[in-house]
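Everything on this sheet refers to the single structure shown next.
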Amino acid sequence: MRGLMMDFPLTIPTLLERARNEFNSVEGVWRCPDKSVNRYTFKDVYRRSRALAEALTRAGMKKGDRVATLMWNHDTHLEAYLGVPSAGGVLHTLNLRLHASELAFIVNHADDRFLIVDDVLLPLLESIRRETHFERIFVVRYRNCGDPLPAGCEEYETLLATATGDFLYPAIDENDAAAMCFTSGTTGRPKGVVYSHRSIVLHSFAEASKDTFGIGHDEIVMLIAPMFHANGWGIPFSSVLTGAKLVLPGPYVDAESLLQLMISEKVSIACGVPTVWIGVLDEIERNPGKWKLPREIGAMCGGAAPPEGLIRALDQHGIHVVHLWGMTETSPLATTCRVRSHMNDWTEDQQYKVRARQGSAAPFVELRVTRDGREVPRDAETAGDLEVRGPWVSSSYYNAPEEQNRWTADGWFRTGDVATMDVDGYIKLVDRSKDLIKSGGEWISSVDLENAVMGHPAVKEAAVIGVAHPKWSERPLAVVVLKQGATATSDELREYLAARFAKWQLPDAFVFSDVIPRTSVGKFLKSKLREQYSDWKWE
């Protein structure tokens with residue numbers, strides 16, 4: 001016997017129509033390249049997204065065609081998020097921080113047909129134009145400088161003006177492709193992940209859950225993470241689904257600019273990587289009387305593990321970190337870390353220990369930790385390979401059959417992370433498999449060392465890598481950035497760590513640096529550090 005429910009498609013047009021029917025007057029905010037603040041409503045977003053869908057269709061876009069975006073976080077990018085898939089196209093957000101050669105590879109591999117680009121990013125476009133073959137390029141004007149566009153480029157507003165308003169959504173199956181992102185390429189060439197309409201809608205529902213992001217109509221959400229990173233964390237879609245006010249910072253993600261927006265817009269949820277929150281904390285501590293938040297903020301923090309010391313320190317200023325874990329391949333929400341009701345009576349230290357973990361699975365996401373093909377005990381100690389599956393987890397990469405070994409025979413995605421799991425299902429990442437340090441036959445977690453070092457009051461950031469050693473195979477080397485005006489010595493930091501780690505686990509050397517190299521999305525670029533210190537001479 002089958003259920004007697006309607007076969008209602010889960011597609012992006014349903015989100016767009018909901019915005020019109022329920023949230024016409026909801027306001028959004030974005031910061032322009034000249035730092036002025038502009039406001040829009042969901043009514044504007046609806047009208048212009050449909051205009052974009054119609055205009056692209058009139059321009060010859062066919063179902064499944066890729067439309068690339070090279071843009072910062074702003075209202076026009078939101079229009080593309082909704083308008084392109086509503087016309088049957090596939091939105092392909094390009095990472096504007098990549099090297100030109102890598103960007104060109106991604107464009108060509110995806111076979112992008114159209115491009116929408118910010119005028120401030122035209123120099124980046126010019127660096128890849130000879131290697132790429134966009135059919136049409138539409139430029140979003142923000143500088144109002146009156147400069148002529150490069151040859152072969154068209155005004156975005158002129159494109160929208162071709163829409164008549166006489167537009168019907170095409171027939172879209174919920175399993176059709178809606179959007180595409182490429183991985184950051186930290187392990188070989190970037191790989192394409194293709195999201196379906198169905199996966200995006202279900203992912204949006206999950207982000208509205210109180211136990212994950214908790215996005216609802218009464219929240220004011222600031223998306224600090226770039227909209228080109230991991231499906232924009234799904235925030236553009238979940239905000240439209242729920243009618244949440246969306247605050248977009250444009251290209252300005254420095255701590256002072258972000259704090260200004262948090263205060264002026266009374267932000268309640270803000271989403272960004274630990275680097276962002278480290279900078280925010282540093283700014284508040286350096287100017288303690290300058291920043292007074294009007295309300296407490298839920299700081300959704302992913303991309304890397306926020307140190308426990310950072311979580312504790314931000315709590316003192318009304319910014320409460322919620323640790324997330326996910327990947328481009330998981331849309332990206334896979335876990336969130338909140339203290340459950342049975343933990344309310346635990347000590348403060350016990351609760352902070354929980355909050356520093358990656359957390360438990362989001363609804364409909366399943367996790368397992370395996371070793372040699374078998375699940376390890378849920379004892380919070382036994383480490384193994386983290387695997388994941390769910391309705392918004394990728395089942396393969398785009399046009400990359402050689403990468404199919406990332407999936408198990410029974411359909412789980414091999415994340416490349418090494419983790420433990422406790423009896424409540426909370427995972428803790430021990431490390432990326434490639435970042436574990438093997439010393440004298442024993443494994444050392446670089447992540448645990450990094451988080452501990454960053455708990456020292458003088459330390460702003462720290463990255464730990466394994467460096468070849470003539471006796472022990474590898475030994476840990478810590479690269480440390482101190483806070484402005486702070487001082488610390490190697491002996492002091494080693495003594496600080498000795499309270500938590502065995503002697504053989506401690507870094508044998510500390511290097512003090514002004515900066516730690518990062519990936520395009522703000523993660524520590526350990527491959528660069530390993531290259532930089534490959535000829536390190538141990539004393």
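The values are calculated or read from the model by the stated rules, or taken from the named source; none is laboratory data. Predicted model, so just to flag it, every value in this text is computed and none were measured. All Cβ positions, glycine included, derive from the backbone under ideal geometry; neighbour counts span all protein chains shown.
Taking into account only those residues within the range 334-393 that are of a type in the set (A, V, I, L, M) and assigned to a helix (DSSP H, G or I), which is nearest to Lys434 (Cα to Cα)? First the steps, then the outcome.
Keep residues of the range 334-393 that are of a type in the set (A, V, I, L, M), which gives 334, 339, 343, 354, 356, 361-362, 365, 367, 369, 376, 380, 383, 386, 388, 393.
From what is left, the residues that are assigned to a helix (DSSP H, G or I) are 343, 354.
Values: Met343: 34, Val354: 25 Å.
Among residues in the range 334-393 that are of a type in the set (A, V, I, L, M) and assigned to a helix (DSSP H, G or I), the one nearest to Lys434 (Cα to Cα) is Val354.
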Applying the selection to the range 409-435, what residues are part of a loop (DSSP other than H, G, I, E, B), within 16 Å of Val365 (Cα to Cα) and in contact (Cβ under 8 Å) with a residue 12 or more places away in the chain?
-> Gly411, Trp412, Asp424, Gly425, Tyr426
Do we have any residue at all in the range 172-185 that's part of a loop (DSSP other than H, G, I, E, B), touching a Leu at 6+ places or on another chain (Cβ under 6 Å) and buried (at least 18 other Cβ atoms within 10 Å of the Cβ)?
-> yes
Given Gly64, Gly88, which one is at pLDDT 95 or above, part of a loop (DSSP other than H, G, I, E, B), among the small types (Gly, Ala, Ser) and surrounded by fewer than 17 Cβ atoms within 10 Å (Cβ to Cβ)?
-> Gly64
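Suppose we keep only residues that are without any contact (Cβ under 8 Å) to a residue 40 or more places away in the chain and out of contact with any Lys or Arg (no Cβ under 9 Å at 6 or more places or on another chain) within the range 371-394. Which one would you say is farthest from Glu207 (Cα to Cα)? Working first, answer last.
Filtering the range 371-394 for residues without any contact (Cβ under 8 Å) to a residue 40 or more places away in the chain gives 371-375, 377, 381-382, 384, 387, 389.
The next check asks that each one be out of contact with any Lys or Arg (no Cβ under 9 Å at 6 or more places or on another chain); those that pass are 371-374, 377, 381.
Numbers: Arg371: 31, Asp372: 33, Gly373: 31, Arg374: 31, Pro377: 29, Glu381: 29 Å.
This residue is Asp372.
Checking the condition surrounded by 14 or more Cβ atoms within 10 Å (Cβ to Cβ), of a type in the set (A, V, I, L, M), outside any loop (DSSP other than H, G, I, E, B) and modelled with pLDDT of 95 or more, which residue from Val479, Val467 passes?
Working: Val467 fails: modelled with pLDDT of 95 or more.
Of the residues listed, the single one that is surrounded by 14 or more Cβ atoms within 10 Å (Cβ to Cβ), of a type in the set (A, V, I, L, M), outside any loop (DSSP other than H, G, I, E, B) and modelled with pLDDT of 95 or more is Val479.
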Does the range 192-213 contain any residue that is surrounded by 14 or more Cβ atoms within 10 Å (Cβ to Cβ), farther than 24 Å from Leu246 by Cβ and basic (Lys, Arg)?
-> no
Yes/no for Asp218 being under 28 Å from Phe364 (Cβ atoms), exposed (fewer than 13 other Cβ atoms within 10 Å of the Cβ) and either of a type outside the set (Gly, Ala, Ser) or touching a helix residue (DSSP H, G or I) at 6+ places or on another chain (Cβ under 6 Å) (or both) = yes
When restricted to Leu96, Leu78, the only residue within 21 Å of Met227 (Cα to Cα), assigned by TED's automatic domain parsing to the domain that holds Ser25 and modelled with pLDDT of 95 or more is Leu78
Where a residue in the range 505-519 is under 24 Å from Trp443 (Cα atoms) and in the same structural domain as Glu495 (by TED's automatic domain parsing) and its partner, wherever it lies, is at pLDDT below 90 and among the β-branched types (Val, Ile, Thr), with Cβ under 6 Å and at least six apart | Gln505/Ile444
